[in-house]
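Here the structure comes first, spelled out in structure tokens, and everything after it is commentary.
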Amino acid sequence: MGPVNGWDYERLAEEKLDANAHAYFAGGAGDEVTLRDNVAAFERRKLRPRVLVDVGEVLTATTVLGTEIALPVVIAPLAMQRLAHPAGEEATARAAEAAGTIMCLSSAATCAPEELTQGDRWFQVYVWRPRAKTEAAIEQAVAHGYSALVLTVDVPYIGRRERDIRVDFKVPENLTVQGNLFGGGFDASVSWRDLEWLAGYGLPVVVKGLLTAEDAALACEHGAAAVVVSNHGGRQLDGVPATLDVLEEVVDAVDGRAEVLLDGGVRRGADVLKALALGARAVMIGCCGASRSPAKRASPTSCACSGRRSSSGSRCSAVGRRPTSVVHTCDEVAAAHHLHRRPGEPHLVAGVARKQDLVAGLDAAGVGAHRCDHARPAVRLGRRGDDQAEIRLRLLVGRLDDDEVVQRLEREIDAAHVIAARPR
Ligand SMILES: Cc1cc2nc3c(=O)[nH]c(=O)nc-3n(C[C@H](O)[C@H](O)[C@H](O)COP(=O)(O)O)c2cc1C
């Protein structure tokens, strides 16, 4: 069966993208607390349904900044889309047009504003140094029919994205990126005064990336036509609130003076409904990262090793051995992590969604298989279900008796989103 929901697309993307691209698209800043909380906030909010209301005719169409769209969902600006697929931003624009909505082109896209001529488009503005580069891009956008300028205000400096650091992220040489994302190209001196400079181009100005009533009020005072409650999908300042949690505060502060949009964690139609119910005019959707999917959000459980079953109901493969800790992330990724203490027994048995996650974890912890005298890594590839590749690595690593190394390894694997538990 093909993909049924956004999570399925995430898993497919994870299978198809190489480690470099996947780290970039899926990663958040720091410990990715905000990234996860964006999604969790939608889960925390419950719907309060009312019945026997005439819903014989249902319309999803609305307008944002005067443009009619078929559904209250706008495509958020995402940099470097050709990193995911050669058709890149053009393909997204086609999809947006087919869906009857607006696509916002990033200032750090892999095509110039003038190359994207299809459908309703907004242009997202990063203010680069020198400013003339930014001005040239805005002029192109204005000349080519973009209908709003979206100033992103949460990137004076790029966030610390540790997945990128781990894979030593590189922009492939065959890609031309419009802005200098990774080389300190942002003009960090941008301030509220610059909203007036942007308004001078004659298009409505949208302020994207605020999270407080105070900033929402300032945006209105400086003439913003709309604000986007956004934390950049958890990719900038880790530890800020989930966007849904601050939406009402912003809506109250704006008090009808501008349109309020929200992005971050929107994964389903019901999420859109929740945002609208709390006062958003529409939402923007960005990029689903694999770590954000429920399939990867594990709850530590015991398993058959200790006489009980894992959350998935499956039996632990290490039955009969002496586990000191067992955690199953979930059945779908068959992620289990077992630590044993007996020399000669497997010290670590991990099923991970992607082999490179574990290898990266091992490397980062300085216990890469190649560095262990007694290492005998064996990789078994299997299939679970139709589309879920299961990769199991069984590592016979003699050196894992060292507590400190084990803990470092666990931390690294954790960061690579294979959840591990401390040995008890
Ligand atoms: C891979 C990626 C690239 C992004 N690039 C940009 C960008 O160039 N400009 C921008 O304003 N926001 C950018 N964002 C942030 C999104 O516009 C949006 O705020 C965020 O993705 C919303 O969260 P969601 O991914 O949970 O939907 C990017 C997000 C991702 C995931």
| request: Evaluate the following for Glu68: is it outside any loop (DSSP other than H, G, I, E, B) and on the phi < 0 side of the Ramachandran plot? | output: yes
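Conditions tested, residue by residue: (1) in contact with a Pro (Cβ under 7 Å, 6 or more places away or on another chain); (2) modelled with pLDDT of 95 or more; (3) outside the structural domain of Pro204 (by TED's automatic domain parsing).
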{"residue": "Met1", "(1), (2), (3)": "no, no, yes"}
{"residue": "Glu10", "(1), (2), (3)": "no, no, no"}
{"residue": "Lys16", "(1), (2), (3)": "no, no, no"}
{"residue": "Thr34", "(1), (2), (3)": "no, yes, no"}
{"residue": "Pro49", "(1), (2), (3)": "no, no, no"}
{"residue": "Thr63", "(1), (2), (3)": "no, yes, no"}
{"residue": "Ala70", "(1), (2), (3)": "no, yes, no"}
{"residue": "Gln81", "(1), (2), (3)": "no, yes, no"}
| query | When region 272-283 is examined, which residues are found to be farther than 13 Å from Leu71 by Cα and of a type outside the set (A, V, I, L, M, F, W, C)? | reply | Lys274, Gly279
| Got a sec? Which helices (runs of 4 or more DSSP H) wholly within region 173-264 have at least 2 residues that are more than 22 Å from Pro156 (Cβ to Cβ)? | 243-254
| Which one is surrounded by the fewest Cβ atoms within 10 Å (Cβ to Cβ) among residues in region 96-128 that are assigned to a helix (DSSP H, G or I) and within 14 Å of the ligand (Cβ to nearest atom)? | Ala96
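Results for (1) within 14 Å of the ligand (Cβ to nearest atom); (2) in contact (Cβ under 8 Å) with a residue 60 or more places away in the chain; (3) more than 13 Å from the chain's Cα centre (by Cα); (4) crowded, with 20+ Cβ neighbours inside 10 Å, shown as yes or no for each residue.
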| site | (1), (2), (3), (4) |
| --- | --- |
| Gly6 | yes, yes, no, no |
| Leu12 | no, yes, yes, no |
| Lys46 | no, no, yes, no |
| Thr67 | no, yes, yes, no |
| Val73 | yes, yes, yes, yes |
| Thr92 | yes, no, yes, yes |
| request: Quick one: in region 129-155, of everything that is within 24 Å of the chain's Cα centre (by Cα) and either of a type outside the set (A, V, I, L, M, F, W, C) or at pLDDT below 95 (or both), which residue is nearest to the ligand (Cβ to nearest atom)? | output: Thr152
| note | Selection over region 245-270 where residues are crowded, with 24+ Cβ neighbours inside 10 Å and within 11 Å of the ligand (Cβ to nearest atom) yields a count of 6
| said: Let me confirm something: among Gly183, Gly179, which residue is free of Cβ contacts under 8 Å to residues at least 24 places away in the same chain, over 20 Å from Cys220 (Cα atoms) and within 27 Å of the chain's Cα centre (by Cα)? | reply: Gly183
| In region 272-293, the residues that are within 10 Å of the ligand (Cβ to nearest atom), buried (at least 23 other Cβ atoms within 10 Å of the Cβ) and modelled with pLDDT of 95 or more | Val283, Met284
| said: Tell me whether region 23-32 contains one or more residues that are part of a loop (DSSP other than H, G, I, E, B), buried (at least 20 other Cβ atoms within 10 Å of the Cβ), hydrophobic (A, V, I, L, M, F, W, C) and near the ligand (Cβ under 10 Å from one of its atoms). | reply: no
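The values are calculated or read from the model by the stated rules, or taken from the named source; none is laboratory data. These numbers were taken from a predicted model, which means no experiment stands behind them. Backbone-built Cβ (ideal geometry, glycine too); neighbour counts: all protein chains shown.
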